[in-house]
1. Kindly flag which residue pairs out of Lys29/Lys165; Lys76/Lys163; Lys105/Lys163 have an alpha-carbon separation exceeding 31 Å in this structure.
2. Could you tell me how far the Cα centroid of the range 48-107 sits from the Cα centroid of the range 127-188, in Å?
3. Please report, in whole Å³, the volume per residue of the convex hull around the C-alpha atoms of the range 129-188.
4. What net charge is computed for the residues neighbouring Pro57, neighbours being all others with C-beta under 11 Å from the C-beta of Pro57, Lys and Arg scored +1, Asp and Glu -1?
5. Note down the net charge around Ile103, summing +1 for each Lys or Arg and -1 for each Asp or Glu among other residues with Cβ under 12 Å from its Cβ.
6. Can you give the Kirkwood hydrodynamic radius for the range 1-96, in Å, rounded to one decimal and based on Cα pairs?
7. Keeping all protein chains in place, calculate the accessible area per residue for the chain (probe 1.4 angstrom), answer in Å².
8. Net charge around Gly151, counting only other residues with Cβ within less than 10 Å of its Cβ (Lys, Arg = +1; Asp, Glu = -1)?
Amino acid sequence: MNIILFSDTFEPELNGVSTSVTTLFKVLKNNGHNVYVVTTNPFGKQVTFKNNILRIPGLRLKALYDYILAPIYNRKAMKILKNINADIIHVHTDFSIAQLAYIYKAYSNAALVYTYHTMYEDYTHYVNIFNLKSVDRVAKRAVYSLSKLYGEKCTALICPSPKTKERLEAYGIKKKIHVIPTGLDLER
């Protein structure tokens, strides 16, 4: 199968999503699949495509753990993606790289799998710099709405824990939610 993993973070970045996507990338490759990763480029300001990893440059946000915000569309990246006949598009993010995945989906007959990794309602304090209850309510409502939107538009929805599944159901997602814990690299 041709599988494309879309994530705002990937190795060498160290965080839970990056580790999860890196582990999945390696396991799928070892099982004989053609696996590609679309991610941000922490190394430079160019689109690069090497060893099935498509890296897109973006704006580095120092205040948010050096997170890189790529543009939601990149012509060079899309040209590369259109040459991959994907069977599965697997989205591991909710930001700019996810938007590119949804744009690519319009050109593809691939199934779209979405893994909901992060409980964003636990992070609304980043946008609530004045610690106002009204801002927190609006931010949490936005999280619920976006989570439901993304959760409903995919072919299959995955989350890593029963707790996350319960929260997604509380958001009003009616789609079947598959609980698949993040795999571990036991050799490490």
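1. Details: Lys29/Lys165 28 Å; Lys76/Lys163 39 Å; Lys105/Lys163 29 Å.
Result: Lys76/Lys163 exceed 31 Å.
2. Using only Cα atoms, the two centres lie 21 Å from each other.
3. Details: hull volume 7.6 nm³, N = 60.
So the per-residue hull volume is 126 Å³.
4. On the way: positive: Lys45, Arg55, Arg60, Lys76; negative: none.
For residues surrounding Pro57, the net value is +4.
5. Working: positive: Arg75, Lys82, Lys105; negative: none.
Around Ile103, the surrounding residues sum to +3.
6. Values: mean 1/r = 0.0740 Å⁻¹.
Answer for the range 1-96: a Kirkwood hydrodynamic radius of 13.5 Å.
7. Details: 10900 Å² over 188 residues.
With the other protein chains kept in place, the chain gives 58 Å² per residue.
8. Values: positive: Lys148, Lys153, Lys174, Lys175; negative: Glu152, Glu169.
It works out to a net charge of +2.
The values are calculated or read from the model by the stated rules, or taken from the named source; none is laboratory data. Small disclaimer: the values here were computed from a predicted structure and weren't measured. Heads up, the Cβs are rebuilt from the backbone with ideal geometry, glycines too, and the neighbour counts pull from every protein chain shown. Side chains included, ligands, DNA and RNA excluded: accessible areas come from the protein's heavy atoms. Shrake-Rupley method; radii C 1.70, N 1.55, O 1.52, S 1.80 Å.
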